[in-house]
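One structure is given below, encoded as structure tokens.
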Amino acid sequence: SHSVRCGQSAKINCSNVCGNTLNCGKHSCTQVCHAGKCSPCQLTVQQVCYCGSNFKEVLCGSEEEFSDGFGSFSCENICGKKLNCGRHYCRQICHPQPCQLCPRLPQVVYRCPCGQTPLSKLLELGCVERKICTDPIPSCGKTCGKPLSCGSYEFIHTCESLCHEGDCRPCSHTSNIYCRCGFKKKVSVTLGGFFFLFLIAAITFMCDKRCNKKRSCGRHKCNEVCCVDTEHKCSLVCGRKLNCGLHRCEEPCHRGNCQTCWQTSFDELTCYCGESVIYPPVPCGTQPPECKKTCTRPHDCDHPVYHTCHSEEKCPPCTYLTQKWCMGKHEVSLTITQLGTDTFVKSSFRLLNVGDCSPCVTCCPGRRSLASKSWVLICKLSPTQLYLLQQSPDPVSKLIFLIAAISIATKLTDLQLGDSVEISRLITKKEMKQARLQCDEECLALQRNRRLAEALEIDDNSNPFNIHSSGPKYSDLLKEDARKDIKFVSDIEKEMRMLVEAVNKGKHTKKSHCYPPMNRDHRRIIHELAQVYGIESVSYDNEPKRNVVITAVK
């Protein structure tokens with residue numbers, strides 16, 4: 001002990017040995033004076049098993065050191081101690097309690113070896129009474145009937161020998177062993193007089209059948225040999241592209257859509273000119289921000305730029321109006337030159353030749369081609385009117401002129417793809433009726449044949465003059481498919497006809513229909529019919545869920 005100031009919290013240690021009793025209660029701590037509890041005793045104690053044939057060493061004071069007087073642990077071997085009869089040995093596993101009585105003592109055995117007949121009844125029949133455990137147990141003479149270790153749950157094999165002492169003889173039957181999935185079975189064999197039965201719990205018998213069930217993802221088959229799985233979880237990596245289009249899904253293969261890409265950029269995302277900015281963090285796949293500034297990319301021409309800043313590498317066609325002579329040198333038209341192509345698309349604004357535009361249509365194949373694609377020419381503005389409109393000091397008149405030109409120019413891309421352009425808002429109905437192409441030789445022949453058919457009262461459907469029919473032209477293969485499955489082909493054709501009529505009569509410019517998954521031959525029929533009806537057809541997804549989507553465009 002030491003004298004210290006009141007309130008001093010420092011611990012005081014001396015250099016003497018601790019000497020406190022350890023957890024075992026038998027030994028003392030040999031460490032130098034220390035704070036806290038002493039460490040557990042590290043000395044070892046030798047223990048003996050219950051039957052006395054095996055030894056082991058354990059830490060003193062541990063739970064394993066416990067002993068009940070017969071021993072400390074079980075060695076899991078046969079006990080082997082002499083029983084109270086002094087003639088037989090204990091056949092139990094090493095145990096802590098005293099051994100049981102000899103199972104062959106006369107006062108313990110009351111029945112014959114097979115257990116079907118009491119010994120008292122056999123004594124009445126003249127059997128000798130047993131005096132000691134070594135005397136034989138009388139037999140009843142019946143079939144043993146004890147269940148053997150072989151057989152199956154459906155059929156239990158029994159001993160066919162007469163009532164006897166000791167172990168039963170090997171089984172003379174055969175047994176069926178089923179594989180773990182239950183698809184195949186094997187017959188047990190007898191070798192050298194001994195019966196060998198391989199139990200399912202001991203040796204797994206597997207067949208060569210592969211599982212055809214779908215995995216949990218719905219995309220892949222299980223394909224496991226002798227499968228016993230009930231969930232069929234897919235262990236493959238999904239690998240499909242994420243919504244960003246740059247990375248792939250790394251999750252285990254799954255149903256439904258993949259999660260959004262977790263990649264994130266910590267750099268600023270700007271438009272081309274740098275005016276609009278999206279600050280980090282920026283999720284992967286984010287498109288550049290929209291910018292209302294005028295495009296600052298280098299252009300091939302020196303005309304003024306009317307489109308805004310964009311993220312696409314290629315700029316839209318130049319919409320600046322320039323003057324160009326027609327191919328016949330009859331008039332000068334305002335043209336919009338699309339750089340990168342060899343064609344010049346004419347605007348509708350004529351500067352010369354007021355009146356019928358048929359002479360220019362005759363000499364300009366390009367304009368005739370555009371007219372055949374439902375392009376209506378605006379040819380009724382006089383040179384004076386157009387000049388005054390363009391040169392008018394009135395800013396409203398100039399704006400009207402510029403809006404009309406740009407409105408037509410923005411539709412040029414759709415026009416090249418075969419679409420029509422609605423310009424009825426730019427001209428009156430009277431001018432629309434006057435804007436007609438001159439009837440050519442083919443048109444005159446059709447009109448002449450039609451008048452002749454009316455005079456002769458011939459039905460138009462009979463087509464006697466080989467007038468161009470608007471009916472579909474089916475291939476020989478498609479006709480053969482219709483003969484084989486007329487209901488399927490009729491249903492598909494009916495759906496396409498309804499889709500085309502809905503688009504033509506409705507407000508939407510395009511409409512789609514998705515067919516259910518079907519086999520390859522049926523999908524081919526849909527693609528061929530789509531070509532006949534002039535609609536788009538695209539196949540999606542993988543087998544066996546591959547289907548076709550058709551789209552009708554007005």
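The values are calculated or read from the model by the stated rules, or taken from the named source; none is laboratory data. Note that the structure is a prediction, hence the values are computed from the model and not measured. For neighbour counting, all protein chains shown are included, and Cβ atoms are generated from backbone atoms with ideal geometry for every residue, glycine included. Quick note on the areas: whole protein, heavy atoms, side chains included, nothing else; ligands and nucleic acids left out. Shrake-Rupley method; radii C 1.70, N 1.55, O 1.52, S 1.80 Å.
Computed quantities for the displayed model
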| read-out | value |
| --- | --- |
| Residue order for T143, T509, T551 - accessible surface, 1.4 angstrom probe, largest first | T509, T143, T551 |
| Nearby lysines by direct alpha-carbon distance to K324 (threshold 23 angstrom, same-chain neighbours under 8 apart not counted) | K346, K373, K380, K398, K411 |
| Per residue convex hull volume, Cα atoms of the range 476-553, in Å³ | 80 Å³ |
| Per-residue ³J(HN,Hα) for the range 442-453, Karplus 6.51 cos²θ - 1.76 cosθ + 1.60, θ = phi - 60°, Hz, x for Gly and Pro | 5, 5, 5, 5, 5, 5, 5, 5, 5, 5, 5, 5 |
| Sorted peptide list for 89-96, 439-446, criterion being average Cβ within 10 angstrom, highest first | 89-96, 439-446 |
| Other-chain or far-sequence residues with amide H under 5 Å of C181's (modelled H) | C207 |
| Too-long pairs where the Cα-Cα distance tops 32 Å, listed order kept, from K473/K505; K146/K213; K314/K505; K213/K510; K221/K241; K329/K510 | K146/K213; K314/K505; K213/K510; K329/K510 |
| Linear extension gain, L452 paired with F183, 0.36 nm per residue minus alpha-carbon span | 88.9 nm |
| Residues with amide H under 5 Å from that of L162, placed H, sequence gap 5 or more | C144 |
| Amide H contacts of M518 (H built 1.01 Å from N, under 5 Å, at least 5 apart or other chain) | R546 |
| Which of N504, S537, A552, positive extreme of dipole for the range 476-553 (C-beta unit charges) | N504 |
| Model label zone, N243; criterion: amide N under 13 Å from point 7 Å along Cα-to-beta-carbon; scope the range 276-293 | 283-287 |
| Carbon + sulfur, % of accessible area of the range 476-553 - ligands and nucleic acids excluded, 1.4 Å | 51 percent |
| Protection proxy ranking of 216-222, 257-263 - average other beta-carbon atoms within 10 Å, highest first | 216-222, 257-263 |
| FRET E, pair Q287, S216, Förster distance 41 Å, beta-carbon r, rounded to 0.05 | 0.75 |
